[in-house]
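S.K.: Provided herewith is a single structure, encoded as structure tokens, for subsequent inquiry.
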Amino acid sequence: MPRALARIAWLCALLLPLAAAAAFPSPYSPIVVQPSPTAQGQEFDLTAALRRARAENKQLYVYLGASDCPYCRRYEAFLDRNAAELVPQFAKQYLVVDLRSQLAIQAPQLHIRVNASSLPYADFQRSIGDERARMLVYPSVWLLDGNAKPLMQMPAGTGTFETVAEQLEILRLEN
């Protein structure tokens, strides 16, 4: 039995870096923000990404995906297939921030930190003026300026950004 446990431990150690890797395709150079455990659940801290966005005079494309979400995988595959067309537009004005969660995490358990303020998902949405339903939807995207102010209302969930033209329209902030 100890030999079997050693093999499992070895396999987990081997796969752990893969689990921590960004699901957002690498050509987009995503900033991966891993959640920190809190008493309430998990917290994603956007503070460093916002600081970098201000320093580089860029905006944030914040992507909340779940490691076990089929719709997230579909969107990520779309981005990967169309990287040649999309990466130049992303790189021109955005830093991509990849927040990795899991479907089992409910909205009250997921917190977003911006500087000194840590808010549950629904309160974060309200704080940036997001008027969509307050339930947690994967994938979710927010376009924020360097001060965490929203640039426009964003679609979320299945069917998000089905074509390159739609994605470019969003990136260009065309309503």
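S.K.: Simple spin-label model, 7 Å along Cα-to-Cβ: residue 26 to residue 103 in nm?
M.R.: 2.7 nm
S.K.: Which value in Å does the Kirkwood hydrodynamic radius of segment 30-171 take, with 1/r averaged over all unlike C-alpha pairs and then inverted?
M.R.: For segment 30-171, inverting the mean 1/r across all distinct Cα pairs yields 15.3 Å.
S.K.: Averaging sequence separations of C-alpha pairs under 8 Å and six or more residues apart, then dividing by the length of segment 30-171, give the relative contact order as a whole percent.
M.R.: The normalised contact order for segment 30-171 reaches 33 percent.
S.K.: With a Förster radius of 22 Å, plug the Cβ-Cβ distance of residue 131 and residue 172 into 1/(1 + (r/R0)^6) and report the FRET value to the nearest 0.05.
M.R.: After rounding to 0.05, the efficiency reads 0.50.
S.K.: At what distance in nm do the modelled label points of residue 54 and residue 77 sit from each other, each positioned 7 Å from its Cα along Cα→Cβ?
M.R.: Placing both labels 7 Å along Cα→Cβ, they lie 4.1 nm apart.
S.K.: Under a Cβ-Cβ cut-off of 12 Å, what is the net charge of the residues other than residue 25 that fall near it, where Lys and Arg count +1 and Asp and Glu count -1?
M.R.: Once all neighbours under 12 Å are counted, the net charge is -1.
Since every read-out is calculated from the coordinates, none of them should be taken as a lab result. Computed from a prediction, not measured in an experiment: that's the story for all the values here. Methodologically, a virtual Cβ is constructed for each residue, glycine included, from the backbone with ideal geometry; neighbour enumeration extends over all protein chains shown.
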